Amino acid sequence: MNNDQVFIGIDMGATKILAAVLDSRGTVIGREKVPTEGRQGAQQVLDNINKATEKALESTGIKRSKLAAIGITVPGTVDPAQGNVIRGTNMDFNDYPLGKELSERYGVPAIVENDVNAGTFGEFRFGSGTGVQDLIGVFPGTGIGGGIILDGRLYRGKRGMAGEVGHMIIQTDGPICGCGQRGCVEALAGRTSMARDAAFLTAVGKSPGGMETGGTDILNYKSKALYKAYKSGDPAIRGVIERGAYYLGIGLANLVNILNPELIIIGGGIIDRFGSGYLDILDESMREHAMSEIAAEVRLAEAALGDDSVFMGLFGLFLEEPDGR
């Protein structure tokens, strides 16, 4: 990549597309956001990706001819080797050759990656994981995603689908998860599960703080509403948040026992809101349930890059594999 060239990273979510322009050193120098409109089909999504990309470039004054490569993250399962989206989460974008489409449209190599894999790799190369060779990234939000770095390499598994830490089953008779199984970590510790419990407690009169923030509608309990009720001192909502952290800590203990990492990085919307108190509960629960001799060597840390972690991760992957996939 020449000094005057740029890289474009795209974070495709269920409701919005974020595009960022990075210079040859990996610094974000421009960005843009447009709605996803994923339910309108793949062509509409591609048009919106193009719109976000062009607007991001315009914000920098850099011409498309200076583009060295493009990378995109997708919430869901992808085949990075082929550049295909296998199943997009909350969007009609399945079994689709996204990498090929982008490469042909822009005339440059294209990288397609799972969003949490990219975020984990970004933290590994440029954030909280710098200098660590074995780490796990866990990003609790609406769901719970994960990424794995082993011996300094992103571990993807046979088809690029490794890291689905939110779907470890820790309670076989637990609540139903979005994947169809019962008792997954995500079903016990994701924001959707917290929202479900908060709305129920409010509906049965156990949570005055919930009545003031989210009421009885589960859709009202975004991270901001949960945090407001939590900070109000409402014991019912505090119990919901702390119980979710406790269960996620059990999931972390399983990862520690299996992979023996040096570091676990926690990022995502929940940790952004609840911070060190939430992290302390995770740490205590993880150490309570993991083998003590293994847990003694691992530490937990908050992610450092925020929303830029996916862009930095895509850029780092491009530096390792400049021909794309």
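The values are calculated or read from the model by the stated rules, or taken from the named source; none is laboratory data. From a predicted model like this one, the values you see are computed outputs, not experimental measurements. As a convention, Cβ positions derive from the backbone with ideal geometry for all residues, glycine included, and neighbour counts pool all protein chains shown.
Tallying residues that are touching a strand residue (DSSP E or B) at 6+ places or on another chain (Cβ under 8 Å) and either over 16 Å from ILE136 (Cβ atoms) or surrounded by 18 or more Cβ atoms within 10 Å (Cβ to Cβ) (or both) within the stretch 280-299 yields 4.
Residues being in contact (Cβ under 8 Å) with a residue 40 or more places away in the chain, crowded, with 18+ Cβ neighbours inside 10 Å, closer than 20 Å to GLY251 by Cβ and not hydrophobic (A, V, I, L, M, F, W, C) are entirely absent from the stretch 307-317. Each residue in the stretch 183-208 was checked for being over 26 Å from VAL138 (Cα atoms) and surrounded by fewer than 24 Cβ atoms within 10 Å (Cβ to Cβ), and 7 pass. Residues of the stretch 69-80 that are in contact (Cβ under 8 Å) with a residue 60 or more places away in the chain, in contact with a Ser or Thr (Cβ under 8 Å, 6 or more places away or on another chain) and over 13 Å from ALA19 (Cα atoms): PRO75 alone.
What are the residues in the stretch 58-82 that are of a type in the set (Gly, Ala, Ser) and more than 19 Å from the chain's Cα centre (by Cα), if any? Within the stretch 58-82, SER59, GLY61, SER65, ALA68, ALA69, ALA81 meet the criteria.
The residue list GLY141, GLY76 contains one member that is at pLDDT below 90, surrounded by fewer than 24 Cβ atoms within 10 Å (Cβ to Cβ) and in contact with a strand residue (DSSP E or B) (Cβ under 7 Å, 6 or more places away or on another chain), which is GLY76. All conditions in (1) at pLDDT below 95; (2) among the small types (Gly, Ala, Ser); (3) surrounded by fewer than 21 Cβ atoms within 10 Å (Cβ to Cβ); (4) in contact with a Phe, Trp or Tyr (Cβ under 9 Å, 6 or more places away or on another chain) hold for GLY214, with the sole exception of (3).
Within the stretch 133-156, how many residues turn out to be touching a residue at least 12 places away in the same chain (Cβ under 8 Å) and farther than 15 Å from ILE266 by Cα?
First pass over the stretch 133-156, keeping only residues touching a residue at least 12 places away in the same chain (Cβ under 8 Å): 133-152, 154, 156.
Imposing the further condition that a residue be farther than 15 Å from ILE266 by Cα reduces the set to 133, 150-152, 154, 156.
The number of residues fulfilling the criteria is 6.
Looking at ASP234, is it at pLDDT below 95, among the acidic types (Asp, Glu), in contact with a helix residue (DSSP H, G or I) (Cβ under 9 Å, 6 or more places away or on another chain) and closer than 30 Å to VAL21 by Cβ? Considered against the rule, which asks whether it is at pLDDT below 95, among the acidic types (Asp, Glu), in contact with a helix residue (DSSP H, G or I) (Cβ under 9 Å, 6 or more places away or on another chain) and closer than 30 Å to VAL21 by Cβ, ASP234 comes out as no. More than 22 Å from ASP4 (Cβ to Cβ) and of a type in the set (Ser, Thr, Tyr), is that true of THR60? It is false that THR60 is more than 22 Å from ASP4 (Cβ to Cβ) and of a type in the set (Ser, Thr, Tyr).
For the stretch 264-297, how many residues meet the condition of being in contact with a Leu (Cβ under 7 Å, 6 or more places away or on another chain) and either outside any helix (DSSP H, G or I) or under 21 Å from ILE170 (Cα atoms) (or both)? Before you say what the answer is, go through the steps one by one.
Step one: filter the stretch 264-297 for residues in contact with a Leu (Cβ under 7 Å, 6 or more places away or on another chain), giving 264-266, 271, 279, 282-283, 286.
Checking the rest, the ones that are also either outside any helix (DSSP H, G or I) or under 21 Å from ILE170 (Cα atoms) (or both) come to 264-266, 279, 282-283, 286.
Selection size over the stretch 264-297: 7.
Restricting the stretch 157-171 to residues that are in contact (Cβ under 8 Å) with a residue 24 or more places away in the chain and out of contact with any Gly (no Cβ under 8 Å at 6 or more places or on another chain) leaves a set whose member that is nearest to ASN257 (Cα to Cα) is MET161.
Does LEU319 satisfy the criteria of being within 20 Å of the chain's Cα centre (by Cα) and either farther than 15 Å from GLY146 by Cα or in the same structural domain as GLY145 (by TED's automatic domain parsing) (or both)? Answer is no for this residue. Only one entry of ILE294, ILE258, ILE241 meets the criterion of being touching a residue at least 40 places away in the same chain (Cβ under 8 Å) and of a type in the set (A, V, I, L, M), and that entry is ILE241.
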